[in-house]
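Data first, discussion second: the structure below is written as structure tokens.
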Amino acid sequence: MQTVESVADMQNLSRAAHRSGRTIALVPTMGYLHDGHASLLRGGRRRGDLLVLSIFVNPTQFGVGEDFESYPRDLARDRAVAESAGVDVIFAPRAGDMYPAGFQTYVDVERLTLPLCGASRPGHFRGVTTVVSKLLNIVQPDVALFGAKDYQQLAVIRRMVADLNMPVEVVGMPIVREADGLALSSRNAYLSPEQRQAALCLSHSLRTAKELYKAGERTVATLREQVTTTIAAEASATIDYIEFRHGDSLEEVAVANGHTLIALAVKIGTTRLIDNCLLGEE
Ligand code: AMP
């Protein structure tokens, strides 16, 4: 396994791989790896000859007052996780190389980025689509893997890749959870033991909505009330949004079906967590 910091070195490596007929799989991350990332890496290992993990805490996707500075970083630990997942190349560029002086070009996906996290975090998706475009241009992967944990992000990236005819296959991977249901996230590191317990209200609320749906409930207002009640019962929880949306268009729905997305953003103390499910999935 090798670690590459320079954009030019990464491009040369990718060019050499393609010339020798090898396919490339890319897993873009912000590091502080957990089993959710490891699952993406395993998926990438199966799909590409050369497995590239990018680690870059991307400043342009953080808003003013968000946690860019305090975002957890541990490259030594990430290297160990990457090694055991069979990563060939860690691409860990410096912010100054990704955004040199004079940088002024951004990628914007329109409607899909308006609701949900796009509404709560203005500019966030512009940063995401810009950095993912750059990573795809640098690494030139045949396949890139993203987690359904960031459901809207996955939808936005699929749209961007289709709209801009980017020659890459986007693969979405299921959410990896702790045994008790908490979706794995690098930001879980911010939680105290009490908050870690309180954070279970997100996955619990999704489970109760799914059960109601399974029992025949289709009215979104009723399902929403169930989710809201479950989360509001937790004193340290502040609801950012609870939304019921079409699983592809992300448009609001009033009547649920199996492809209805429930998307949550909830603050536990000062830590903002997201989770989601499709009502019809097991
Ligand atoms: P991040 O490092 O948080 O930017 O995440 C990098 C990639 O890992 C994104 O595609 C995320 O959707 C994915 N990811 C993060 N957490 C999980 C999880 N619990 N299960 C599956 N994928 C995840």
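The values are calculated or read from the model by the stated rules, or taken from the named source; none is laboratory data. Quick caveat, the model's predicted, so the values are computed rather than measured. As a convention, Cβ positions derive from the backbone with ideal geometry for all residues, glycine included, and neighbour counts pool all protein chains shown. Keep in mind that these areas ignore ligands, DNA and RNA; they rest on the heavy atoms of the full protein, side chains included. Shrake-Rupley method; radii C 1.70, N 1.55, O 1.52, S 1.80 Å.
For (1) touching a residue at least 24 places away in the same chain (Cβ under 8 Å); (2) within 16 Å of the ligand (Cβ to nearest atom); (3) assigned by TED's automatic domain parsing to the domain that holds ARG46; (4) of a type outside the set (S, T, N, Q), each residue gets a yes or a no:
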site	(1), (2), (3), (4)
VAL128	yes, yes, yes, yes
ILE157	yes, yes, yes, yes
ARG196	no, yes, no, yes
LEU223	yes, no, no, yes
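Do we have VAL27 as touching a strand residue (DSSP E or B) at 6+ places or on another chain (Cβ under 7 Å), of a type in the set (Val, Ile, Thr) and modelled with pLDDT of 95 or more here?
Yes; evaluated as a whole, the condition is true for this residue.
Restrict the check to the stretch 75-87 and report whether at least one residue is among the hydroxyl-bearing types (Ser, Thr, Tyr) and part of a helix (DSSP H, G or I).
yes
If we keep just the residues of the stretch 259-279 that are within 19 Å of GLU211 (Cβ to Cβ) and without any contact (Cβ under 8 Å) to a residue 40 or more places away in the chain, which is least open to solvent (accessible area, probe 1.4 Å)?
My answer is LEU278.
Table: residues versus (1) touching a residue at least 40 places away in the same chain (Cβ under 8 Å); (2) of a type in the set (Ser, Thr, Tyr); (3) surrounded by fewer than 18 Cβ atoms within 10 Å (Cβ to Cβ).
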{"residue": "LEU41", "(1), (2), (3)": "yes, no, no"}
{"residue": "GLY44", "(1), (2), (3)": "yes, no, no"}
{"residue": "ASP49", "(1), (2), (3)": "no, no, yes"}
{"residue": "LEU53", "(1), (2), (3)": "no, no, no"}
{"residue": "PRO59", "(1), (2), (3)": "yes, no, yes"}
{"residue": "LEU75", "(1), (2), (3)": "yes, no, yes"}
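When residues of the stretch 1-58 are filtered for being more than 13 Å from the ligand (Cβ to nearest atom) and within 18 Å of LYS149 (Cα to Cα), how many remain?
Going through the stretch 1-58 one residue at a time, the tally reaches 0.
Counting residues that are at pLDDT 95 or above and over 26 Å from MET160 (Cα atoms), which strands (runs of 3 or more DSSP E) fully inside the stretch 198-282 reach at least 3?
Those strands (runs of 3 or more DSSP E) span 237-246, 260-268.
Against the condition in contact with a Ser or Thr (Cβ under 9 Å, 6 or more places away or on another chain) and touching a residue at least 40 places away in the same chain (Cβ under 8 Å), how does TYR151 come out, does it pass?
When the stated conditions are applied, TYR151 does not pass them.
Need a quick list: helices (runs of 4 or more DSSP H) entirely within the stretch 112-196 having at least 2 residues that are more than 26 Å from GLY269 (Cα to Cα) and open to solvent by less than 50 Å² (accessible area, probe 1.4 Å).
Correct list: 124-139, 151-163.
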